[in-house]
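A short reminder: the numbers here are calculations on the coordinates, not readings from a lab. Here the structure is a predicted model, which is why all the values come from computation and not from measurement. As a convention, Cβ positions derive from the backbone with ideal geometry for all residues, glycine included, and neighbour counts pool all protein chains shown.
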Protein chains: 2
Amino acid sequence: MTEPFVPLKLEPAYRKVAAALTARITEGTLQPGDRLPAELELARQLGVHRSTIREALRELESGGLLRRERGSKLMMVTRPDRLAIASGVTRALTLHQATVAEVWETMTLIEPEVAELAALRRTPETVSALTATMADAEHADTARAAAQAAEFFRALAAAAANNVLSLSQEPLLQLLGSSLVRLIEVVPQARSRIAAAQRRILEAVERGDAAAARTWCEKHIRDYRRGFELAGIDLGLPIAAAGGASLTPKTRSRKR
Amino acid sequence: MTEPFVPLKLEPAYRKVAAALTARITEGTLQPGDRLPAELELARQLGVHRSTIREALRELESGGLLRRERGSKLMMVTRPDRLAIASGVTRALTLHQATVAEVWETMTLIEPEVAELAALRRTPETVSALTATMADAEHADTARAAAQAAEFFRALAAAAANNVLSLSQEPLLQLLGSSLVRLIEVVPQARSRIAAAQRRILEAVERGDAAAARTWCEKHIRDYRRGFELAGIDLGLPIAAAGGASLTPKTRSRKR
DNA sequence: ATGGTAGTATTGTCCGACAATACTGCAACC
DNA sequence: GGTTGCAGTATTGTCGGACAATACTACCAT
């Protein structure tokens, strides 16, 4: 016989409220840009106490479905923005001890395709946006230079005109950030090599040469791997460790 | 001169509390599996009211950093689980009106690579897990059959032994779910074609033939596209519309 | 050891309160 | 006319406390 009783789950009220609000948003009754009613009003309508409403609001807020625009009091319904969503994924991957190798491997797979699509679908606007990201190339400030590398990929994905790709890529960029800083810090020729590769990719995209864009991007990503190795970053290590190590390289090399 | 005053942001207490707790978790002071102190105790330690603590907890909870194990009272620190994280991304992409075409394109890019890696890194366990997913293939229940298709890809990614890939793939599977149901509902030969392709991929993975695995997977994904077209799913349409239409075609047309 | 039982701890929800601040309308002023 | 000042209201952030339901615990009886 099958089990006669399954664990019946009673949701607390705050979760039901959150679910109800989420449903209103996903089904479109509440649209991005709409203002939510005041907490007391919501409490009255849903028949629960304001505290309960507030707990539910925090839930939606952290999911990016609600935000308060600067200096406003009422909450506004909003589409989760890309960075916020990605940072949740980033945190999750960090806690799951994702390794540099895994992230790198995924980039190997995504980026060349992104470059290819960018070359095929470029528009004057996306190309100039891409060009604009080169301004900070080879920047003296290490953090700035690392940020520029990520920015380049973001602009590339924007040119590829695929939101799903852009969002898939974002956590990778965030995760690689700290390792990238270390790479640029430690490997002297990194700045120029990165800039040179970016220029090659940019040129290929500009003239719509998809094959070249892909090829150069492949090389570019492979080059990152070489850089990581040169910088002494253990690819098998979880990202967190690789990043943290870059902050205290001296202490690590000193024995004990 | 530069602006003398930047908007100074004062965070409400509940967010500071959330940030403090998050920091403890990411830095490792609180490890997955640890139990959080009681709310009153936290309130005492942090010097705020219990309501404030509770709002912060909801924030972490919805981020997947805290969970309560069934029938327990204290919260437990936990690693965000893959499905939960992905569902946030899924919701975001839905709200951003991601199209079937975008999702499909991203799968085109990821899955063949996943298949290739799976063939290279397979172990007896992952292969048998992959085989096990075939049990539900060609299932009469449409929803079940669609779920099986997603399950197959999950097992494939597991065989590829890359957590980042698995997680990147998950939102795509969730997004495609509803369209997939529709596809299988409408296109009679879909079940057998899907099963056949899966068998081909599985065989290639089993014998470690990376090239074949990739090729068959590419064909498989291309076949999905054909299926979508046959099923009359407009690839340019946002996912929500494509899926929603299949779930409640009657009610939608009656709406007001 | 096993099983029952009473007491304690903890959460979920409620009520109410109050200060700080954003919004509104109106009067006053250049 | 447009700007400024101001009073009044609405709304949030935070607090204090309360209570029922239930998980946990320690103890007692068998």
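Taking a label point 7 Å from Cα toward Cβ, how far is A:Glu125 from its twins in the other copies, in nm, shortest first?
Relative to the other copies, A:Glu125 has label-point distances of 5.0 nm.
Quick check: from the Cα gyration tensor, does chain B come out rounded (a/c under 1.5), prolate or oblate? Intermediate values should be presented prior to the final figure.
Working: a/c = 2.17, a/b = 1.68, b/c = 1.30.
It is prolate, given that a/c is not under 1.5 and a/b is the larger ratio.
For B:Glu125 and B:Glu69, calculate 0.36 nm times their separation in residues minus their Cα-Cα distance, and state this gained length in nm to one decimal. Can you show the working numbers first?
Working: separation 56, 0.36 × 56 = 20.16 nm, distance 2.83 nm.
Extending this stretch completely gives an extra 17.3 nm.
Taking a label point 7 Å from Cα toward Cβ, how far is A:Pro12 from its twins in the other copies, in nm, shortest first?
Here the equivalent label points are 1.7 nm apart from this one.
Add -39500 (n - 2.57) for each DSSP H run of 4 or more in chain A, then divide by its residues: what number comes out at 222 nm, to the nearest 500 deg cm²/dmol? Spell out each step's value before the answer.
Details: 12 runs with 176 residues, N = 256.
That calculation yields -22500 deg cm²/dmol at 222 nm.
Which whole number gives the average, over all residues in B:103-110, of C-beta atoms from other chains lying within 10 Å of the residue C-beta?
Details: counts 4, 1, 6, 9, 1, 1, 11, 6.
The shielding value for this peptide is 5.
Remind me, relative contact order of chain A in percent, using alpha carbon pairs under 8 angstrom and six or more residues apart? Walk me through the intermediate numbers first.
Values: 308 pairs, mean separation 52.5, N = 256.
That works out to 20 percent.
Can you give the local net charge around A:Met75? Use residues other than it whose beta-carbon is closer than 15 angstrom to its beta-carbon, Lys and Arg +1, Asp and Glu -1.
Details: positive: A:Arg24, A:Arg35, A:Arg50, A:Arg54, A:Arg58, A:Arg67, A:Arg68, A:Arg70, A:Lys73, A:Arg79, B:Arg15, B:Arg58; negative: A:Asp34, A:Glu39, A:Glu41, A:Glu55, A:Glu59, A:Glu61, A:Glu69, B:Glu55, B:Glu59.
So the environment of A:Met75 carries a net charge of +3.
What's the average, rounded to a whole number, of partner chain beta-carbon atoms within 10 Å of each residue's beta-carbon in B:51-62? Don't skip to the answer; put the middle values down first.
Details: counts 4, 1, 0, 6, 9, 3, 2, 12, 6, 2, 6, 10.
Other-chain Cβ atoms within 10 Å of each residue's Cβ, averaged: 5.
What is the sum of charges around A:Lys219, taking Lys and Arg as +1, Asp and Glu as -1, for the other residues whose C-beta is under 13 Å from the C-beta of A:Lys219? If you can, show how the numbers build up before the last one.
On the way: positive: A:Arg193, A:Arg199, A:Arg200, A:Arg214, A:Arg222, A:Arg225, A:Arg226; negative: A:Glu111, A:Glu218, A:Asp223.
Here the count lands on +4.
Quick one: which residues, 5 or more positions from A:Leu30 or on another chain, have an amide H under 5 Å from its amide H? H modelled 1.01 Å from N in the peptide plane, none for Pro or chain starts.
For A:Leu30, whose amide H was placed from the backbone, the distant partners under 5 Å are A:Ile25.
As I understand it, the value is the acute angle between the Cα axis of helix B:163-186 and the longest principal axis of the Cα atoms of chain B; what does it come to in degrees, rounded to 10?
Tilt relative to chain B: about 50 degrees.
Rounding to the nearest 10 and keeping the result within 0 to 90°, find how far the Cα-based axis of helix B:190-206 lies from the longest principal axis of chain B.
With rounding to tens, the tilt is 80 degrees.
If Lys and Arg each add +1 and Asp and Glu each add -1, what is the summed charge of the other residues whose beta carbon sits under 9 Å from the beta carbon of A:Glu170? Working shown, then result.
Numbers: positive: A:Arg82, A:Arg154; negative: none.
Around A:Glu170, the surrounding residues sum to +2.
What is the mean number of Cβ atoms from other protein chains located within 10 Å of the Cβ atom of each residue in peptide A:77-85, rounded to a whole number?
Details: counts 1, 1, 7, 7, 2, 2, 0, 2, 8.
So the per-residue partner count for this stretch is 3.
How high is the relative contact order of segment A:1-106, given as a whole-number percent (alpha carbon pairs under 8 Å, six or more residues apart)?
On the way: 83 pairs, mean separation 25.7, N = 106.
It comes to 24 percent, rounded to a whole number.
Skipping prolines and chain starts, which residues have an amide H placed within reach, meaning under 5 Å, of the one on A:Met76, given they are 5 or more residues away or on another chain?
Close amide H contacts, sequence-distant or interchain: A:Leu36, A:Arg67, A:Arg68, A:Glu69.
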